[in-house]
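Everything on this sheet refers to the single structure shown next.
Rule-based calculations on the coordinates, nothing more; no lab input. Because the structure is predicted, anything quoted here is derived from the model rather than measured. Every residue, glycine as well, gets a Cβ built from its backbone with ideal geometry; the counts of neighbours run over all protein chains shown.
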Amino acid sequence: MIERKIHTDISSALNRQAAVVIIGPRQVGKTTLAHKIGDQSNAVYLDLENPADRDKLSDALLFFKMHEERLVILDEIHHAPEIFQVMRGIIDEGRRKERGIGRFLILGSASIELLRQSSESLAGRVAYIDMYPLILSEISDVSMNTLWLRGGFPNSLLSKTDKDSYLIRQDFIRTYLERDIPMFGPRVPTETLRRLWIMLAHLQGSTLNVSRLAQNLDVSTTTVFRYIDLLVDLFLIRRLRPFHANVSKRLVKAPKVYVRDSGILHALLNIKTVDDLFSNPIVGASFEGFVIENIISILPYGIDPYFYRTQAGAEIDLILNISSTERWGIEIKRGSIAKPTKGFYYAQEDLKLTQSFVVYGGEDTYPIDKNTTALSLSSMLEKIASL
């Protein structure tokens, strides 16, 4: 079994907080990790998608009191949102008995509604942890190109063949369109959403133009915003915000859009093999999104990611405010030569970056100039992990 880096984060959170919520897309490995944690702590596990397990909570107060000495793991919590209020009472009673930590581990596949329900009922009693697909620093027996092609969902990544992996991802897309999205959001025509998802895949790494998408789909801009919000809430799409620096420049204000998992991106574009990927015009944007997701997944709390672009052509793919006195810029180049553009140096000067990096397709780490270092994705992840 692959050791997930957030395992330690979850264990630490359970040792300081009464409830911990793990949020992430379906099939990312939440249930597998929860079972591993449960086996180590003699926990009670309930899958609330299973009617038999939901029936056990017909009197949730009694059930929780029966197991007050054990961690209770609640999977697919969106099927029983009414129990949040019961959990609040149990947590408060436990605190009076000096049993105020490590009571509940909650798993959910939709962010906005789960966060709203849990934050309203469990304010001050809960920690939130995002679970991402597998990243490069978590795997050892799989090449970077395989991870990039197949993406980080475990079933896809660990498939015996590229064909099996591709079919698993096509099933994932179909399940989201036909079952999960209608469950979590307002009724959305499946074919319209499929077309939007594919359009966003073709726009990987581009600034978001909602008006053009609305025109192509023959729907209103309000509808497109609503559909994209839903895909964002389900961890399928990322909107990377522009960095608004205090500089006298005309800045790009629209976010950039990415299909978050590279494997899902490739399935949407019918890219089945590494050869297909390398011969496709999307390859550069795909690598950019792949690197960005790997980096964002291990950022310490409080470091938010941005991109920077001016209408004059200054641009850096990723900006990280490490502290009040330290700001990093990261440019991404798929090739074996790490050569920044002029726009990179213009942005470097605009933002007064303390450190600049070019993540490229090679393995060596070397200085490009006195302010800029070329390095591999693995080395970049090590540098961020040390923060």
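Descriptive notes on the structure:
- Using Cβ point charges alone (K and R +1, D and E -1), the dipole size of the stretch 136-385 about the Cα centre works out to roughly 760 debye.
- Cα-only Debye scattering, the stretch 136-385: base-10 log of I(q)/I(0) at q = 0.13 Å⁻¹: -0.86
- Karplus (6.51, -1.76, 1.60) ³J(HN,Hα), θ = phi - 60°, over the stretch 122-132, in Hz, Gly and Pro reported as x: 10, 3, x, 10, 9, 10, 10, 9, 7, 10, 9
- Share, in percent, of DSSP beta bridges within the stretch 136-385 that are antiparallel, nearest 5: 65 percent
- Theoretical FRET efficiency, 1/(1+(r/R0)^6), r = Cβ-Cβ of L62 and Y301, R0 51 Å, to 0.05: 0.90
- Under the Debye formula (equal points on every Cα, no solvent term), log10 I(q)/I(0) of the stretch 127-210 at q = 0.20, 0.21, 0.27 Å⁻¹: -1.11, -1.14, -1.21
- The magnitude of the dipole of the stretch 6-130, with charges of +1 and -1 set on the Cβ of Lys/Arg and Asp/Glu and taken from the Cα centre, is near 400 debye.
- Of the Cα atoms belonging to the stretch 1-159, the radius of gyration and Dmax stand at 16.2, 53 Å.
- Loop-resident sites, the stretch 144-196, for trypsin sites (Lys or Arg not before Pro), counting at most 11 other Cβ within 10 Å (DSSP): K160, R187
- Coil-residue GluC sites (Glu not before Pro) of the stretch 1-87, DSSP, other Cβ within 10 Å capped at 14: E3, E49, E68, E69, E82
- Of K249/K370; K339/K370; K65/K97; K5/K383, pairs whose Cα-Cα distance is over 18 Å: K249/K370
- Amide hydrogen neighbours beyond the local backbone of A127, cut-off 5 Å, H modeled: A19, V20, V21
- Calculated FRET efficiency for the pair N270/K339, C-beta based, R₀ 35 Å, to 0.05: 0.65
- Span from the the stretch 21-41 Cα centroid across to the the stretch 209-283 one, whole angstrom: 28 Å
- Look at where the Cα atoms of the stretch 311-346 and of the stretch 87-102 average out, and the two centres are 48 Å apart.
- Here is the list for the stretch 292-379: trypsin sites (Lys or Arg not before Pro) lying in DSSP coil, each with at most 12 other C-beta atoms within 10 angstrom of its C-beta, are K352, K370.
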